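The values are calculated or read from the model by the stated rules, or taken from the named source; none is laboratory data. Model, not experiment: these values are computed from the prediction. Note that each Cβ is placed from the backbone with ideal geometry, even for glycine, and that neighbours are counted across all protein chains shown.
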Ligand SMILES: CC(C)(COP(=O)(O)OP(=O)(O)OC[C@H]1O[C@@H](n2cnc3c(N)ncnc32)[C@H](O)[C@@H]1OP(=O)(O)O)[C@@H](O)C(=O)NCCC(=O)NCCS
């Protein structure tokens, strides 16, 4: 069994351990940037906890569709956001395949349902495209050169994906 709850500052060391467990070295982000994301957008940062402790996390923020967050990029503030951007979803290897990732995504999408956001988007890495298409996201091809450079900052194959939000 597991439960979802809002991330707290004291969770960051466990978040860093899950990040190291779940991601290739090329895409590991700095602790300072990760801490700043929690400060910027605490209402969209959630964790999953089971008997053994923290086992998954998700960071998100409100963006504009078509804007890609570069690796180690700060969350920008937009005057008129239209997109729930899922920046980083990671599940500890020991907890994979139990539906925890989808539960965190569903939770954030439901949180957005009372908002005026029309889209949700993310950058898929590490062969997670099929996982994200099961969550309703499709590759979005029309990126300008600047956004393609942001995508290239990941240094490994990365795909920007978008879905509509139904209110
Ligand atoms: C991608 C990720 C978020 C999926 O989260 P999850 O909670 O494992 O998702 P699910 O429970 O739906 O499992 C996803 C698939 O992984 C498979 N899987 C992976 N590890 C497994 C394990 N140890 N046991 C059983 N199934 C496993 C399952 O078969 C499942 O496929 P299915 O939906 O056809 O059954 C998670 O694997 C992860 O954090 N990966 C590393 C970080 C990453 O790449 N994040 C995405 C970056 S965009």
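Points worth noting:
- Residue pairs whose Cβ atoms lie under 8 Å apart, separated by 6 or more positions or on different chains, with the first residue in segment 89-102 and over 25 Å from residue 121 (Cβ atoms) and the second more than 6 Å from the ligand (Cβ to nearest atom) and in a helix (DSSP H, G or I), are 93/21.
- Looking only at segment 77-95, and only at residues there that are surrounded by 13 or more Cβ atoms within 10 Å (Cβ to Cβ), within 15 Å of the ligand (Cβ to nearest atom) and over 13 Å from the mean Cα position of the chain (by Cα), the one that is nearest to residue 56 (Cα to Cα): 92
- Taking (1) touching a strand residue (DSSP E or B) at 6+ places or on another chain (Cβ under 7 Å); (2) at positive phi in turn, residue 78 satisfies each apart from (2).
- Out of 74, 51, sole residue that is more than 13 Å from the ligand (Cβ to nearest atom), within 26 Å of residue 25 (Cβ to Cβ) and loosely packed, with under 14 Cβ neighbours inside 10 Å: 74
- Test: residue in segment 100-119 that is farther than 15 Å from residue 47 by Cα, surrounded by fewer than 19 Cβ atoms within 10 Å (Cβ to Cβ) and within 13 Å of the ligand (Cβ to nearest atom): no
- Take the conditions (1) more than 16 Å from the ligand (Cβ to nearest atom); (2) in a strand (DSSP E or B); residue 59 misses just one of them, which is (1).
- Every residue from segment 133-163 that is more than 11 Å from the ligand (Cβ to nearest atom), part of a strand (DSSP E or B) and touching a residue at least 60 places away in the same chain (Cβ under 8 Å): 162
- Qualifying residue in segment 2-24 (condition: part of a loop (DSSP other than H, G, I, E, B), within 14 Å of the chain's Cα centre (by Cα) and modelled with pLDDT of 95 or more): yes
- Filter pass, residue 130 being at pLDDT 95 or above, touching a strand residue (DSSP E or B) at 6+ places or on another chain (Cβ under 8 Å) and within 13 Å of the ligand (Cβ to nearest atom): no
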